[in-house]
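Working notes, structure below.
The values are calculated or read from the model by the stated rules, or taken from the named source; none is laboratory data. Everything numeric in this text was worked out from a predicted model, so none of it was measured. Cβ sites come from the backbone with ideal geometry, for glycine too, and all protein chains shown count toward neighbours. The area values use the complete protein model at the heavy-atom level, side chains included, leaving out ligands, DNA and RNA. Shrake-Rupley method; radii C 1.70, N 1.55, O 1.52, S 1.80 Å.
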Amino acid sequence: HAKNDGANRYLFFNDSMNKLAVKRLQLENLIRHGLKEDFFTVYYQPKMDILSGQLVGMEALVRFITPKRGLISPASFIPVSEETGQIVEIGEVVLRKACLDVKRWIDQGLFHGRVAVNLSVKQFMLPYLCEQIDDVLQQTELPSYHLELEITEGTVMQSPKMAIDTMKKLRARGIHLAMDDFGTGYSSLAYLKQFPLNTLKIDKAFIDDMNTARGRNMVDTIVTIAHNLSLTVVAEGVEQAEQLAQLKQLRCEIIQGYFYSKPLSAADFTQFLLDQKQNKPRLAAVPVSI
Ligand code: C2E
Ligand code: MG
Ligand code: MG
Ligand code: MG
């Protein structure tokens, strides 16, 4: 059997597979270096109430910026760090930095909502996840009700029964839970109603499709499912005023996307908060025409 050939395994790698393996190894080393040198930082993307146009929260999004190579896309380093397990350490860094930034904005009187932090499957499965989160919240002095965690269908469906237990523990602490990228994974409606979620985030792919009747019907259906389960709906990747107007008609509550703002550095987000406070929203909410 090929797999048991041991020393001869290299025979099964062709040239392009070899290049890929080398690239992965280089990225793994770069990530290790980046963790040591503190090259991982957090950007924030506003989440806006669709009716009032007011800020309700933000999503923390990791950025890997090295002096030599500049910005390295999450699309490349997240999958590799998932495989190597480095995502666990990256995730803790992101959680800690996000809690610190938000604690500061709260203390400055600039913010009183929730920050949403993405959890990878490996983090979610950690037996000490709740303790780790407790520690970070305690050390950063951020009250748990300012925290929301985003998890994907794939993460909870890996082991749904265990996921429900973990989710209940997190909810018992006052932490909110959002189902991220909804509709792109395989999730079971039977389980969806058992998961103690607060929020459902409709993936950008569905929002992109809203220029067709079928696409709009699909979003309408997802919003209806969410509301039947008493979940708040966030639309991800809203870029156009037309999408915003349609989402308003479909009774989606919260939008996140370039229409309002791209993810911002902590410094730029502070300015965004100051603008909000002075009632200078960057873009006025678009009225619904019924
Ligand atoms: P996600 O959690 O679904 O995050 C939303 C992604 O959509 C972000 O990409 C955001 O920049 C992008 N986005 C938001 N609005 C728009 C829009 O209007 N147009 C377009 N074209 N894009 C928009 P980003 O920051 O590159 O992150 C990609 C993915 O990487 C995230 O998807 C998430 O799955 C993962 N990720 C990011 N940060 C973390 C983290 O701290 N931990 C973990 N485990 N995963 C993370
Ligand atoms: Mg997310
Ligand atoms: Mg998402
Ligand atoms: Mg996504």
Legend entry - helices (runs of 4 or more DSSP H) enclosed by segment 126-192 - at least 3 residues per element that are more than 16 Å from ligand 3 (Cβ to nearest atom) and in contact with a helix residue (DSSP H, G or I) (Cβ under 8 Å, 6 or more places away or on another chain): 129-140, 160-172, 189-192
Inset, instruction - Would you be able to say whether some residue in segment 265-272 is of a type in the set (D, E, K, R) and within 17 Å of residue 56 (Cβ to Cβ)? - result: no
Legend entry - Per-region count, segment 175-185, residues away from ligand 4 (no atom under 11 Å from the Cβ) and open to solvent by 30 Å² or more (accessible area, probe 1.4 Å): 1
Legend entry - Residue pairs meeting the criteria (Cβ under 6 Å; at least 6 apart or on separate chains; first polar (S, T, N, Q), in segment 242-259; second in a loop (DSSP other than H, G, I, E, B) and away from ligand 4 (no atom under 16 Å from the Cβ)): 249/288
Legend entry - Tabulated pairs, segment 196-217, first touching a residue at least 12 places away in the same chain (Cβ under 8 Å), second polar (S, T, N, Q) and within 13 Å of ligand 4 (Cβ to nearest atom), C-beta under 9 angstrom, 6+ apart or interchain: 201/256; 203/184; 205/184; 206/184
Inset, instruction - Only residues that are within 14 Å of ligand 1 (Cβ to nearest atom) and buried (at least 20 other Cβ atoms within 10 Å of the Cβ): list them for segment 207-243, please. - result: 207, 210, 234, 235, 236, 238, 243
Inset, instruction - Give the residues of segment 143-195 that are touching a residue at least 40 places away in the same chain (Cβ under 8 Å) and not aliphatic (A, V, I, L, M), sorted by residue number. - result: 146, 148, 150, 166, 173, 176, 180, 181, 182
Inset, instruction - Among the helices (runs of 4 or more DSSP H) lying completely within segment 28-125, list those that include at least 1 residues that are under 26 Å from residue 179 (Cβ atoms) and touching a residue at least 60 places away in the same chain (Cβ under 8 Å). - result: 87-107
Legend entry - Out of 115, 94, 136, 80, sole residue that is in contact with a His (Cβ under 8 Å, 6 or more places away or on another chain), open to solvent by less than 20 Å² (accessible area, probe 1.4 Å), modelled with pLDDT of 95 or more and not basic (Lys, Arg): 115
